[in-house]
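Chemist: One structure follows; several queries about it will come next.
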Amino acid sequence: MALASLIRPVTPPNRPWTAARVLGHVLMAVWIFSGLATAYYLVNASGMDFLGRYGEKLINGFAVTIQLVVLSVLLGAALSIPIAFARMSTNRIIGGLAYAYVYFFRGTPLIAQAFLFYYGAGNFNQELKAIGAWWIFRDAFTCAVFVFALNTAAYQAEILRGAIQNVPKGQLEGAQALGLPRRAIFWRVVLPQAFIIALRPYGNEIILMIKGSAIASIITVYDLMGETRRAFSRSFDFQAYIWAALLYLIMVEALSRVWSRLERRLTRHLERPTQAAARTADDEGAAAGRPDATPD
Amino acid sequence: MPDWLTLLSFGPDGWGDQIARGTLVTVGLAVATLPFGLALGFLAALAKNSSEPSLRRAASIYTTVFRGLPELLTLFLIYFGVQILLQKVLALFGGGYVEINSFFAGMIALGVVFSAYASEVFLSAFRGISAGQYEGAEALGLSRLQTMRLVILPQLIRLALPGLSNLWLVLLKDTALVSVIGIEDVLRQAGVAARVTKEAFLFFGVACLIYLVFSIISSIGIARIERWANKGATR
């Protein structure tokens, strides 16, 4: 008890009802009410009826979304490695081409890229058939994977490049001073540290890909969004979108939880006990002791 | 003879004017969304930075939800959801049919998504301003509103600018999604042209180039604003 009050100051029992506190409680009440209303809306009789009719389809769509994301992220990761190296190349032509690739895929909307490749491929169907690549574009799912992989490769290449270049220079110099061969320096010293720097942006990129994958529904892939749109257009029941929202939120939240746990696990050798304690103390201060900037 | 030039020309044979009109809609939507999203994001950041736990929690639910949902789904939720809600409310008053303006729905949806991300940017900018700034302002006898306006905001803008410029580029790209709910933006016009002429690659390629041009123009503009904002910074 005494120890607990040392760590965390006990909140005074009667806090005044400031305007910020009233507003906070009102907003929380709104959230809780809309949460309950949504839950009621989903589980009442017509909701169960909807689930019985379309539930299985939505689950199938969910599985398609996961396949889509996993395939494109993995293919994109493989593709991003040569692009990242090309970006760092001293050869101006190679560097310029990689830059143009990255600029194009990061500077245009994913949906426009999907249209460009899915509908645009039809203009080159003779040529694509000749090189045996037509099957990629003929099927909406493979085409979506193709476009998403190209898109995420551009983002991942930038993440990888940034991480490699952000490994502290002293690490490189230390390795050189030890007389390690260049290959060993890269694989044993630079890359492992780069991966730790890249971990968080990688997690964000996967989340962006989960959200972006909804675009596949526009080019007729029946992923979660596609099944939802189909269910809505048949039943005109708005529940379809609410269920989809819940499933997407679960996916994204689960990934971000898993990812932050992974990050903590992989960086545990970097945590120094004193530093960690100091940081939590600082966080507490930031949360509680900061001057209140809310205008009343 | 280059058919594609004819196809892109202005006038009765080409699709130039339709695409130009679509481009204006795209830019208009992005520009109209920006102030709305910035204001909402700033308010959410204030709430998250507050010393009041319930306010912080309410704001963080908001950002978790709208950062977690696909933008496309948010768009549909707002477009159809608001329409159904309005219909139900109108039915209480004796019925009537409303159709909500899709430009408006797009603006709300994009603004809400923008604000959820912007609040994070503003929040980390708030954290970059030391407590000494607030204390100094208090010592000078400034009121809380004056502190915010004269001391905190100018520094906040400088700190938040890189993050916000990124969000602006994301917003510009996200506007393409509204073509799905029937707004005649550049992507939809390109789609119509592609369907009629069967030159999908050409028209969607042009649409992509237009987005690229806007991101280049934005980068130039952002660099200028950054120079202006950093004028007073010593470092």
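Throughout, read-outs are computed from the coordinates displayed, never taken from laboratory work. Not measured: the values here are computed from a predicted model. Counting neighbours? That spans all protein chains shown, and the Cβs are built from the backbone with ideal geometry, glycine included.
Chemist: Quick one: which of A:174-181, B:16-23 comes out on top by average Cβ neighbours within 10 Å, and what's the full order, highest first?
Modeler: Sorting A:174-181, B:16-23 by mean packing, highest first, produces B:16-23, A:174-181.
Chemist: Here's another thing I want to ask about it. For region B:8-229, what mean projected area does the convex hull of the alpha carbons give, in nm²?
Modeler: The orientation-averaged projected area of the Cα hull of region B:8-229 comes to 16.3 nm².
Chemist: If you don't mind, there's one more thing I want to ask. Translational D (Stokes-Einstein, µm²/s) of chain A at 4 °C and 1.567 mPa s when Rh comes from the Kirkwood sum over C-alpha pairs?
Modeler: D = 55 µm²/s.
Chemist: Mark the label point 7 Å from the Cα of B:ILE84 along Cα→Cβ and return the residues of region A:24-54 whose backbone N is within less than 18 Å of it.
Modeler: A:34-54
Chemist: If you don't mind, another one. Could you give the length gained by full extension between A:VAL26 and A:VAL70, i.e. 0.36 nm per residue of separation minus their alpha carbon distance, to one decimal place?
Modeler: Stretched out fully, the A:VAL26 to A:VAL70 stretch lengthens by 11.8 nm.
Chemist: Further, regarding this structure: A:LEU42: net charge of surrounding residues, Cβ under 15 Å, Lys/Arg +1, Asp/Glu -1, itself excluded?
Modeler: That works out to -1.
Chemist: Tilt of helix B:186-197 relative to the longest C-alpha principal axis of chain B, in degrees (0 to 90, nearest 10)?
Modeler: So the helix axis and the longest Cα principal axis differ by about 10 degrees.
Chemist: How well do other chains shield peptide B:70-83, expressed as the mean number of their Cβ atoms within 10 Å of each residue Cβ?
Modeler: Average per residue, whole number: 6.
Chemist: With everything on Cα atoms, drop me the angle between helix B:16-48 and the longest principal axis of chain B, reported from 0 to 90° to the nearest 10.
Modeler: 20
Chemist: May I pose another question? Relative to the compact-globule scaling 2.2 N^0.38 Å, provide the ratio for the alpha-carbon radius of gyration of region A:16-111.
Modeler: 1.97
Chemist: Need the list of lysines near A:LYS211 for cross-linking: C-alpha distance under 23 angstrom, and skip anything on the same chain fewer than eight residues off.
Modeler: A:LYS57, B:LYS173
Chemist: Continuing with this model, one more query. Please identify every one of the chymotrypsin sites (Phe, Trp or Tyr not before Pro) in region B:1-96 that sits in a loop by DSSP and has no more than 11 other beta carbons within 10 Å of its own beta carbon.
Modeler: Listed in order of number, the matching sites are B:PHE93.
Chemist: Using only Cα atoms, find the angle between the long axis of helix B:71-92 and the longest principal axis of chain B, and express it within 0 to 90 degrees, rounded to the nearest 10.
Modeler: Approximately 90 degrees, to the nearest 10.
Chemist: Taking the Cα centroid of region B:48-64 and of region A:137-195, what is the distance between the two, rounded to the nearest whole Å?
Modeler: Each part's Cα centre sits 36 Å from the other's.
Chemist: Within a 10 angstrom radius of each residue's Cβ in B:41-51, how many Cβ atoms of other chains show up on average? Whole number is fine.
Modeler: Taking all residues of B:41-51 together, the mean is 4.
Chemist: Can you pull the one-decimal nm distance between simple spin-label points at A:ASN14 and A:LEU246, each 7 Å off the Cα toward Cβ?
Modeler: So the label points at A:ASN14 and A:LEU246 sit 4.3 nm apart.
Chemist: Which value in deg cm²/dmol, rounded to the nearest 500, describes the helix-derived mean residue ellipticity at 222 nm for the protein assembly as shown, given -39,500 (n - 2.57) per DSSP H run of n ≥ 4 and division by the residue count?
Modeler: Only helices count here, giving -25500 deg cm²/dmol.
Chemist: I've got another one for you. Divide the volume of the convex hull of the Cα atoms of the protein assembly as shown by its number of residues and quote the answer in cubic angstrom per residue.
Modeler: 227
Chemist: For region A:86-130, what does the equivalent ellipsoid look like in terms of its semi-axes, each the square root of 5 times an eigenvalue of the Cα gyration tensor, given largest first in whole Å?
Modeler: 27, 16, 5
Chemist: Next question, about the same structure. Which of the GluC sites (Glu not before Pro) found in region B:130-235 are loop residues per DSSP with 13 or fewer other Cβ atoms within 10 Å of their Cβ?
Modeler: Passing sites in region B:130-235 do not exist.
Chemist: A follow-up question, please. If you plug each phi of region B:100-112 into the Karplus form 6.51 cos²θ - 1.76 cosθ + 1.60 with θ = phi - 60°, what whole-Hz ³J(HN,Hα) values come out, in order, with x for Gly and Pro?
Modeler: After applying 6.51 cos²θ - 1.76 cosθ + 1.60, I find 7, 4, 6, 4, 5, 4, x, 5, 4, 4, 5, x, 5 Hz.
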